[in-house]
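Where a number appears in this text, it was derived from the coordinates with a stated rule and is not lab data. What you are looking at is a predicted structure, and each value in this text was computed from that prediction instead of being measured. Ideal geometry is used to build each Cβ from the backbone, glycine not excepted, and the neighbour counts take in all protein chains shown.
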Amino acid sequence: MSFTDTDLIARVLSREDQHAFGELVRRYQSPVRAFLARLARGDAHLADDLAQETFLKAWRKLHTYRGSARFSTWLFGIAYNEFRTVARQRKELALEDVEEPAAEPAKSAADSRSDLRLDLTEALKELHSSERAAIVLCCQNGLTHEEAALVLDCPHGTVKTNVLRGKEKLRRRLPDYQHYEST
Amino acid sequence: MNRPEDKDPLDVLLREQNPHIDDDGFTARVLTALPPRHRAWLRPTVLLGATAIGSALAIRWLPWESLSLPDLSALLSLNSQVLLPWLLVLSVMASLAWAAATAVQWED
């Protein structure tokens with residue numbers, strides 16, 4: 001029998017049921033850790049530390065979750081705040097753009113396709129963190145602009161702009177993306 | 001409502017590049033580190049109880065017999081014998097009302 005998020009949250013709140021909370025962690029650990037890894041420019045250790053702190057905070061603050069947004073949206077919001085707190089202290093995570101790389105000579109289509117996945121990871125690292133966060137939430141995790149605006153605590157027009165601007169930069173940095181075909 | 005365009009190769013690439021991360025002991029580490037849950041109801045309940053006790057003491061001890069409706073001339077003369085009991089009662093009542101409102105609206 002599979003419990004819904006709402007059932008599990010109710011069990012945690014009424015009985016302090018750690019198994020129910022564990023099920024919530026198991027469900028959402030992957031998207032939260034992947035989101036934080038993108039924000040931390042691939043630093044998996046930092047991402048895992050932040051993810052652990054995210055779930056500990058969720059445990060402490062679960063009674064403030066009102067159910068008006070999806071539980072995953074609420075978790076992403078905590079995760080983003082954790083990242084911002086650390087980013088304020090660590091300059092390498094600062095929010096500035098990375099300089100636009102010089103254009104490279106064209107590669108063959110086959111080489112380009114095989115490199116494209118790695119290139120995307122690198123290209124995402126070079127985006128401004130607000131653009132990266134908006135793209136990861138909307139394009140990779142399927143959040144609406146409104147949900148992403150809740151997570152990022154900004155107007156939904158800003159999210160839309162950041163997604164468009166970020167994708168435009170990715171297009172410039174991934175000249176071969178048009179040859180990509182889903183496998 | 002935003003929907004990625006299915007025909008845009010960049011959207012397809014982004015969707016497919018969303019990695020799944022194996023749990024690999026992560027959930028167990030989180031569960032081991034869980035602190036006792038903060039009892040959200042405890043602090044507002046204590047505040048509400050203290051407010052109730054304060055109200056009872058106020059009803060018992062405030063100088064009700066000294067309270068008389070001051071007329072305008074007494075107010076303008078700033079007669080302390082008239083004004084002080086009122087100021088005392090009003091400040092105690094305001095404090096109790098604030099404490100009760102805070103307890104009812106409490107949110108961590």
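Here the calculated FRET efficiency for B:Ser73 and B:Leu42, from their Cβ-Cβ distance with R0 = 41 Å, stands at 0.20, rounded to the nearest 0.05. Counting Cβ atoms of other protein chains within 10 Å of each residue's Cβ and taking the mean over peptide A:22-32 gives 4. For the residues of A:51-63, the average number of beta carbons from a partner chain within 10 Å of their own beta carbon is 4.
With a Förster radius of 30 Å applied to the beta-carbon distance between B:Leu31 and A:Ala69, the computed FRET efficiency rounds to 0.75.
Taken residue by residue and averaged, Cβ atoms of other chains lying within 10 Å of the Cβ of B:21-34 number 6. For B:Ile53 and A:Asp7, a Förster radius of 30 Å and the Cβ-Cβ distance give a FRET efficiency of 0.15, rounded to the nearest 0.05.
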